[in-house]
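Structure first, then comments.
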Amino acid sequence: MWKRGRPDDRDAERNGDTGGLGEECEAFLGGEWAEYLLARGEPVPRWAWLNRVAHGPETALRLMHPAGKSRHGDAWTEFRSSVAEMVLNQAATTGRGVDELQTAVLVPIELALFGCDGCRVPDDAGLLMRILAALRHPSAQWGPPPA
């Protein structure tokens with residue numbers, strides 16, 4: 001994880017304060033937000049499981065959904081695997097890069113859910129439908145975005 005190495009940071013670590021804004025930002029932008037929260041014993045909002053698919057590299061998405069293998073694991077693992085599969089399929093179909101689809105589709109959905117403090121977040125099926133609709137939107141297709 002991110003460490004500045006300033007003396008006051010090392011003092012804080014010795015006193016048990018291992019968190020920090022830099023660490024949180026690194027975890028969020030690196031696709032490890034849910035795992036970061038779990039490791040700190042904090043509650044993980046449902047939308048946070050989308051973070052790895054929205055920010056992880058294409059190789060991470062491929063590892064989440066290995067072609068031809070059945071999924072085993074908890075509901076969150078299966079949810080992320082389903083979203084990864086949708087993104088990889090859309091990238092193959094449209095010719096857009098996975099990173100482009102993440103930026104155009106997943107990050108805006110993730111940020112909307114992040115900013116949705118206190119509002120009702122769709123269930124997994126509803127969220128999958130929202131992501132699928134966004135991936136099929138013309139802005140996620142090959143070529144320049146529609147005017």
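Does residue 59 fit the bill of being at pLDDT 80 or above, polar (S, T, N, Q) and surrounded by fewer than 16 Cβ atoms within 10 Å (Cβ to Cβ)? Outline the logic, then answer.
Numbers: at pLDDT 80 or above: yes; polar (S, T, N, Q): yes; surrounded by fewer than 16 Cβ atoms within 10 Å (Cβ to Cβ): yes.
Against the criterion (at pLDDT 80 or above, polar (S, T, N, Q) and surrounded by fewer than 16 Cβ atoms within 10 Å (Cβ to Cβ)), residue 59 qualifies.
Checking residue 147 against (1) modelled with pLDDT of 85 or more; (2) surrounded by fewer than 16 Cβ atoms within 10 Å (Cβ to Cβ), only one condition comes out false. Which one?
Tallying (1) modelled with pLDDT of 85 or more; (2) surrounded by fewer than 16 Cβ atoms within 10 Å (Cβ to Cβ), residue 147 fails exactly one: (1).
Where in the range 1-56 are there helices (runs of 4 or more DSSP H), lying wholly inside it, with at least 1 residues that are within 19 Å of the chain's Cα centre (by Cα) and at pLDDT 85 or above?
Where helices (runs of 4 or more DSSP H) fall fully within the range 1-56 and carry at least 1 residues being within 19 Å of the chain's Cα centre (by Cα) and at pLDDT 85 or above, they are 21-29, 33-39, 51-55.
I'd like to know if the range 75-98 contains one or more residues that are outside any helix (DSSP H, G or I) and modelled with pLDDT under 85. Before you say what the answer is, go through the steps one by one.
Taking the range 75-98 and keeping what is outside any helix (DSSP H, G or I), we get 95-97.
Those still in the list that are modelled with pLDDT under 85 too: none.
No: zero hits.
Six or more apart or on different chains, Cβ atoms under 8 Å: show the pairs whose first residue is in the range 87-115 and surrounded by fewer than 17 Cβ atoms within 10 Å (Cβ to Cβ) and whose second is among the polar types (S, T, N, Q).
Sorted first by the residue in the range 87-115, then by its partner, the pairs are 94/141.
The values are calculated or read from the model by the stated rules, or taken from the named source; none is laboratory data. This is a predicted model, so every value here is computed, not measured. FYI the Cβ positions are ideal-geometry reconstructions off the backbone, even for glycines, and counts take in every protein chain you see.
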